[in-house]
Each structure stands twice: as C-alpha cells, then as structure tokens.
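Q: Below is a structure I'd like to ask you about.
The values are calculated or read from the model by the stated rules, or taken from the named source; none is laboratory data. Nothing here was measured: the structure is a model prediction, and the numbers come from that model. Virtual Cβ from ideal backbone geometry, glycine too; neighbours counted across all protein chains shown.
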Amino acid sequence: MTKKVLDTNVYIDLFANSDLYIDIFISEGPIYLSSVVLMELLAGAHEKNEKYAVKDLIKLFKKLGRIVTPTTKDYEQAGEILIKLQSVKHYNLKRCGSITNDCLIASSSKTIGAIVYTQNKKDFQSIQDVFDFKVEFI
C-alpha cells in the first residue's frame, strides 16, 4: 500500500477546488499530512475561513493518526541535502528559504516510505537529483 504526502501547493489548490486531484484520493494508499505542510498552511491562512479550513484538516489528520513529523535523523538528512544543493545545484539558501522545508518534507516522507505529490517540480526535482526519494509531479 502506497503512502502519500501532499505538498502545500496541492492543498492550496484543493481548498479552492475540492474536485482537483481526485485520482490521488481514490488510488490505493493512505494520505499523510506533513507537519511542515501543516505549518506552511497555517502561516498562509490569513482569513478566518481559511484558518478554520486548515484547523479542520489538522483535526482530521490528528484523529486518523496520520501526521508525519520530521525526526532528528530527518533534520540531519535535510541538512545533508541542503549542502549538496548548494555545492552541486548552486542553490543560494538566502534566496531560496523554502527549499529547507521541501528538504524536510522529502526526508520525512522517505522515512515513512511515502510518495510526495507536488507541483513544485523545480525544487523537488533538484532535491531528487541529490537525494533518493519518491516524488510525483502533478
């Protein structure tokens, strides 16, 4: 059974149109919520209704026991990925701050054996070039 972790950009689209990406939801395997994605969603919820929607989503995943939080090992691995991205891909972390979160999502998803679903092909492809994890670009 394939576990799935959705990136923040996928949830943002889903809040606007719940019919999007239906194939991800009806395919076999449970969906997990990354605590990193949880943080990004809350940080972007500026309106009251947006905040309620995010809180409801969090409540659902807590109830299901499907929130993925990076471990110390995941943080270490994310640091190694960042080093490689700077040296191999010439990333400037001062200009690409969100890549740190993406590295944590990739590392913690690999830890649980999940596929990351994202629209962010540029950054996640770069991460995959230096770190072996499963990603699906949508």
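Q: Considering only residues that are within 19 Å of I58 (Cα to Cα), hydroxyl-bearing (S, T, Y) and touching a Lys or Arg at 6+ places or on another chain (Cβ under 9 Å), which ones fall in segment 1-33?
A: Y32
Q: Give me the pairs: first residue in segment 72-88 and of a type outside the set (F, W, Y) and surrounded by 14 or more Cβ atoms within 10 Å (Cβ to Cβ), second residue at pLDDT below 95 and not in a helix (DSSP H, G or I), beta-carbon distance under 7 Å, and six or more apart or on different chains, which are they?
A: From segment 72-88, the pairs are L82/L93; L85/Y91; Q86/L93.
Q: I've got another one for you. Just need a number here: residues in segment 117-133 that are within 16 Å of S98 (Cα to Cα) and under 13 Å from the mean Cα position of the chain (by Cα).
A: Result for segment 117-133: 7.
Q: E136 is checked against (1) in a loop (DSSP other than H, G, I, E, B); (2) of a type in the set (D, E); (3) under 12 Å from the mean Cα position of the chain (by Cα) and fails just one. What number does that condition carry?
A: (1)
Q: Would you please list the contacts, defined by Cβ atoms under 8 Å and residues six or more apart or on different chains, that run from a residue in segment 12-38 that is surrounded by 12 or more Cβ atoms within 10 Å (Cβ to Cβ) to a residue that is among the acidic types (D, E) and not in a loop (DSSP other than H, G, I, E, B)?
A: Matching pairs, first to second residue: F15/E50; L20/D13; Y21/D13.
Q: How many residues does segment 88-116 contain that are charged (D, E, K, R) and either under 15 Å from V36 (Cα atoms) or under 10 Å from the mean Cα position of the chain (by Cα) (or both)? Spell out the reasoning first.
A: Within segment 88-116, the first condition is being charged (D, E, K, R), and the residues that meet it are 89, 94-95, 102, 110.
Right, trim to either under 15 Å from V36 (Cα atoms) or under 10 Å from the mean Cα position of the chain (by Cα) (or both) and you get 102, 110.
Final tally of qualifying residues: 2.
Q: Is there a residue in segment 83-96 that is assigned to a helix (DSSP H, G or I) and among the aromatic types (F, W, Y)? Quick ask: steps written out before the conclusion?
A: First pass over segment 83-96, keeping only residues assigned to a helix (DSSP H, G or I): 83-88.
If we keep only those that are among the aromatic types (F, W, Y) as well, we get none.
No, segment 83-96 has no match at all.
Q: Go over the candidates D56, D23, D7, D19 one by one and state the one that is of a type in the set (D, E) and over 22 Å from I138 (Cβ atoms).
A: Details: D23 fails: over 22 Å from I138 (Cβ atoms); D7 fails: over 22 Å from I138 (Cβ atoms); D19 fails: over 22 Å from I138 (Cβ atoms).
Answer to the check: D56.
Q: Still on this model: State which residue is nearest to T118 (Cα to Cα) when the search covers only segment 32-72 and only residues that are in contact with a helix residue (DSSP H, G or I) (Cβ under 6 Å, 6 or more places away or on another chain) and of a type in the set (S, T, Y).
A: S34
Q: A further question on this structure: Looking only at segment 14-47, which residues are in a helix (DSSP H, G or I), modelled with pLDDT of 95 or more and either among the polar types (S, T, N, Q) or over 21 Å from G97 (Cβ atoms) (or both)?
A: S35
Q: Here is a further query. Can you tell me which condition S109 does not meet? The list is (1) small (G, A, S); (2) more than 20 Å from S27 (Cβ to Cβ); (3) surrounded by 12 or more Cβ atoms within 10 Å (Cβ to Cβ), and all the others hold.
A: (2)
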